[in-house]
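Q: First the structure, which I've put down as structure tokens, then a few questions once you've had a look.
The values are calculated or read from the model by the stated rules, or taken from the named source; none is laboratory data. Only a predicted model underlies this, so the values are computations on that prediction, with no experimental measurement involved. Counting neighbours? That spans all protein chains shown, and the Cβs are built from the backbone with ideal geometry, glycine included. All accessible areas refer to the heavy atoms of the entire protein, side chains included, with ligands and DNA or RNA removed. Shrake-Rupley method; radii C 1.70, N 1.55, O 1.52, S 1.80 Å.
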Amino acid sequence: MLTSLPIPDVLPIYPVRDQIIFPYMVLPLFFTHVMTPIIEEAMRTDQLLGVVFCPEDKNICSFDGLPRIGTVCKINQLIKFPNGGGKVTIEGLSRFSMHSAVTEEPCLKVSIKVIKEQESQGVVADALIQSVNALLKIALAYGQTLPEDVKKMIDRIDHAGRLADIIAVYIGISTAEQQQLLSIIDPVERLKMVFLHLTTEVQKMQIKGEIQSEVAKRIGKSQKEQILREQMKQIQQELGEKDPRQEELNELRTRIRQAGMPDGVLLVAEKELRRLEQINPVSPEYTVSRSYLDYLCIAPWQKGTEDTLDIHKAQQVLDEDHYDLKEVKQRILEYLAVRSLRDTTKGPILCFVGPPGVGKTSLGRSIARAMGRKFIRFSLGGMKDEAEIRGHRRTYIGALPGRVIQELCRAESNNPVFMLDEVDKIGQDFRGDPSSALLEVLDAEQNDSFKDHYLDVPFDLSKVMFITTANVLDPVPHALKDRMEVIRLSGYSDEEKQQIAYKYLIPKEIVENGLADYPLVFTEDAIGKIIQDYTREAGVRNLERKIAAVCRKVAKEITQGDVPRKEIKAADIEELLGPCTYFVDVAGEEDRIGVVTGLAWTESGGDILFVEAAKMPGCKNLTLTGSLGEVMQESAKAALTYVRGRAEDFGIEADFFDKNDLHIHVPSGAIPKDGPSAGVTIATALISLLSGRPARRDIAMTGELTLSGRILPIGGVKEKVLAARRAGVKTVLLPARNREHLAELEESNLNGISVELVDSIDQILEKILLPA
């Protein structure tokens, strides 16, 4: 017997990763050239070696990382391969315990102690052996597989330990549990562990068998229903009755032929219909397939509206709905002119960018009315799921097409005006990036074959006029921005707001507040007071609310039996709307040292801001407050460097900066601010502070300042000039390079305000600083 071989006290250790070797096991073992020294050392040591499990998460198996119990194995056969490594046939002899490492080079050798197998005689051991054999037969009946020679061997084994070892190899116990089993010395305890595992496996097999039996019953029931249904169909034919399901399929076939699908889509629909005919109506697949065919039938493949190509009528409709907005109206009329000359013109993809309340969304509805098209509005604000655009694949439960296809199906038109609102407020998370999905929709070169994930067939979007809206373009990805024709809608001047109020807002609010039978007239002074004292916006949304508030007050007076007002004057406004909300007379405030009026562009249009500078004893520190962004902080540092470089020209002491700290603050502190256009304003505030000369509050400025003193151009000229007018500023200083932007301003925008162009800081100081 091999177990009677003398086993030395020191053995080479062979680590294995994917299996556990038990005593009495015989199996082949393949080794690489890395393991060759271990095999060679074993051949020198009576062909004996210790095989120990090494966890897979360890790259190098050291003595400390190995379990203490392993199996002494005898090498029965060795075959070496020409390219290194080889194959050995080993046989497990007995368990052993490792005590200490003797050497680690050229291989790990440890001192060991052989663990002799204990006797397992007794009532408990016999009962366990019988129970395990009985469980094993049940497992075999449920489909557990064992080699025939193993079955015969198990029947002959009457030792609890050996039975536990051989069953552990063949019933699918994990390597970690097998190692735990190998470490248990008591054979009865080993067999108990195998018994518990075998019991669990048998229970799982019983449940699995019950499930399979239930499934087989249901399948049999479905087949029975199918046979009965076929018989019923035959009976109905004999009686001359119609089959409801066949009628439904025939109706679906007719709809497919009449839907006007392209050839490729028609083939897909007919194939899906043939598949539907083979599906049992009670199957969930039937509903999925039927819904898919319904969407293919209702999609507007060939349905569309005729464009109104009368340019004069379109111009009239646009003017009825919106005041001014010449650039947008001109672009729509140009498109209609081209359509009248060429039928196959692709729909334009426009992007309206402007502050809230200037009429971007309502303009889309007006364009649809002017062109005689249907109008679709779809808000993108807060959208985070790409499937909202492209739809879900039909493999998902409750799958639907994307919103683009859904809205076109509802509109029953393939050439509507499709407005994608708030494109700058799209979200993004683990479900995908909707802005990337829009790249295909808004690309005139690709959207003629747009593929929705649900339909999975090309759909032509090239006839759709897409209009997107945004307050700012910065959050919009560059690739998406590049696909759109950007049209900027600036804020309205006070004169334009008055015209809008008289032509659109007042008539609308009089009707909506029930005053149609009580004529009400607003004087120009009254509207001017509302605009200047109760609103501060680029659009007219708040102006409309204030006019509606006045109309409601008048309606309340009428219902209370008072004599109705016929005219709203400026003196009535404060009585009806309460105290003034805004005070615009900046020019009336005191000129101060270190405080300069600047201009800023915001999402809601333009606004004025005040830059304040202060000094205190210190050592060259610069403090910046007011929620300033990184770019604006850099502008402040550049302005300070410029002032220090020309300290002598501005009458500043040479050692002033060594003995003092400077603090720059831009109210309001809670509102974030950024951008380079405040550079000249910050520099002027510093020069005013350090030279002791007050700055005029009625002069506002904007411009980017470089270290060499050049003033670079800025954006948002119209919005900033209008903000200066609203605030009562008398003079605006702009960079000379913005000369061409002044041409965009109407003469009415410049009433009561002077715009001067400057190209150096000295020109600004000459105009704004008063004598000390």
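Q: In whole Å, what is the distance between the alpha-carbon centres of region 366-417 and region 700-772?
A: Taking the Cα centre of region 700-772 as reference, the centre of region 366-417 is 45 Å away.
Q: Just the ratio, please: alpha-carbon radius of gyration of region 593-653 over 2.2 N^0.38 Å, N its number of residues.
A: So region 593-653 has a normalised radius of gyration of 1.31.
Q: With the Cα gyration tensor of region 133-213 in hand, give its eigenvalues times 5 under a square root as the equivalent ellipsoid semi-axes, listed largest first in whole angstrom.
A: The equivalent ellipsoid of region 133-213 has semi-axes of 22, 15, 10 Å.
Q: Please get the size of the charge dipole for the chain, origin at its Cα centre, with Cβ charges of +1 on Lys and Arg and -1 on Asp and Glu, quoted in debye to the nearest 20.
A: Computed charge dipole of the chain: roughly 1580 debye.
Q: Here's another thing I want to ask about it. Given 5 Å bins starting at zero, what is the percent of C-alpha pairs of region 222-322 in each, up to the one with the largest pair distance?
A: 2, 10, 16, 15, 12, 10, 8, 7, 5, 4, 4, 2, 3, 2, 0
Q: Given a cut-off of under 8 Å on Cα pairs at least six residues apart, what relative contact order in percent is computed for the chain?
A: Relative contact order for the chain comes out at 7 percent.
Q: Would you mind getting the accessible area per residue of region 168-216, heavy atoms of the protein chains only, 1.4 Å probe, in Å²?
A: About 54 Å² of surface per residue is accessible.
Q: Then there's this: Keeping every protein chain present and rolling a 1.4 Å probe, give me the accessible area per residue for region 444-541 in Å².
A: Each residue of region 444-541 exposes 43 Å² on average to a 1.4 Å probe.
Q: If you wrap a convex hull around the C-alpha atoms of region 513-643 and split its volume per residue, what is the figure in Å³?
A: Residue-normalised Cα hull volume stands at 159 Å³.
Q: Could you pull out the GluC sites (Glu not before Pro) across region 634-703 that fall in loop regions by DSSP (anything but H, G, I, E, B) with no more than 10 other Cβ atoms inside 10 Å?
A: Loop-located and lightly packed - Glu648.
Q: Computing the accessible area with a 1.4 Å probe over protein heavy atoms, can you report the carbon and sulfur percentage for the chain?
A: Of the solvent-accessible surface of the chain, carbon and sulfur hold 50 percent.
Q: Positive end of the dipole of the chain, charges at C-beta (+1 Lys, Arg; -1 Asp, Glu), about the Cα centre: which of Gly645, Asn660, Thr535 has its Cα farthest in that direction?
A: About the Cα centre, the residue reaching furthest to the positive side is Thr535.
Q: Moving on. Enter the Cα centre distance for the pair region 479-535 and region 232-297, rounded to the nearest angstrom.
A: Measuring centre to centre over Cα atoms gives 55 Å.
Q: Could you tell me the ratio Rg/Rh of region 1-137? Both radii from Cα atoms, Rh via Kirkwood.
A: Rg divided by Rh gives 1.03.
Q: Next up: Report Rg/Rh for region 65-188, rounded to two decimals, where Rg is the Cα radius of gyration and Rh the Kirkwood radius.
A: Here Rg/Rh amounts to 1.03.
Q: Among residues other than Thr523 whose Cβ falls under 11 Å from its Cβ, what is the net charge (Lys/Arg +1, Asp/Glu -1)?
A: -2
Q: On to the next question. Would you tally the net charge around Ala125, using a Cβ to Cβ cut-off of less than 11 Å, leaving Ala125 out, and scoring K and R as +1, D and E as -1?
A: The answer is -3.
Q: So, one more: Placing unit charges on C-beta atoms (Lys and Arg positive, Asp and Glu negative, everything else neutral), compute the dipole magnitude of region 115-198 about its Cα centre in debye, rounded to 20.
A: 160 debye
Q: Estimate the FRET efficiency between Phe656 and Val338 by the formula 1/(1 + (r/R0)^6), using the beta-carbon distance for r and 45 Å for R0, to the nearest 0.05.
A: It comes to 0.10.
Q: Just the number, please: Stokes-Einstein D of the chain in µm²/s, Kirkwood Rh from C-alpha pairs, 4 °C, 1.567 mPa s.
A: 36 µm²/s
Q: Taking only the alpha carbons of region 609-700, what extent do you get along each of the three principal axes, in Å, biggest first?
A: 35, 30, 19
Q: Could you calculate, for region 649-772, the ratio of the Cα radius of gyration to the Kirkwood radius, expressed as Rg to Rh?
A: Taking Rg over the Kirkwood Rh, I get 0.98.
Q: Plugging the Kirkwood radius over Cα pairs into Stokes-Einstein for region 536-582, at a temperature of 4 °C and a viscosity of 1.567 mPa s, what D comes out in µm²/s?
A: The diffusion coefficient I find is 110 µm²/s.
Q: Report, please, the projected area of region 301-377 averaged over directions, based on the convex hull of its C-alpha atoms, in nm².
A: 5.5 nm²
Q: Also, I was wondering about something else. Could you tell me what percent of the DSSP beta bridges with both partners in region 598-756 are antiparallel, to the nearest 5?
A: Antiparallel bridges: around 50 percent, rounded to the nearest 5.
Q: Please state, as a whole number in µm²/s, the translational diffusion coefficient that the Stokes-Einstein equation yields for region 492-571 at 20 °C and 1.002 mPa s, with Rh defined as the Kirkwood radius across alpha carbon pairs.
A: D, rounded to a whole number, is 168 µm²/s.
Q: For a protection proxy built on the mean count of beta-carbon atoms within 10 angstrom, sort 126-138, 25-37 highest first, please.
A: Per-residue Cβ counts within 10 Å, averaged per peptide and sorted highest first, yield 126-138, 25-37.
Q: At a 4.7 angstrom Cβ threshold, list every cysteine in the chain that has nobody to pair with, or say none.
A: So, Cys73, Cys107, Cys297, Cys351, Cys409, Cys551, Cys580, Cys619.
Q: At a threshold of 8 angstrom on Cα-Cα distance, excluding pairs fewer than six apart, so keeping six or more, what relative contact order does region 649-772 reach in percent?
A: Answer for region 649-772 is 26 percent.
Q: If you count the DSSP beta bridges with both ends in the chain, what percent of them are antiparallel, to the nearest 5?
A: If we restrict to bridges inside the chain, about 60 percent are antiparallel.
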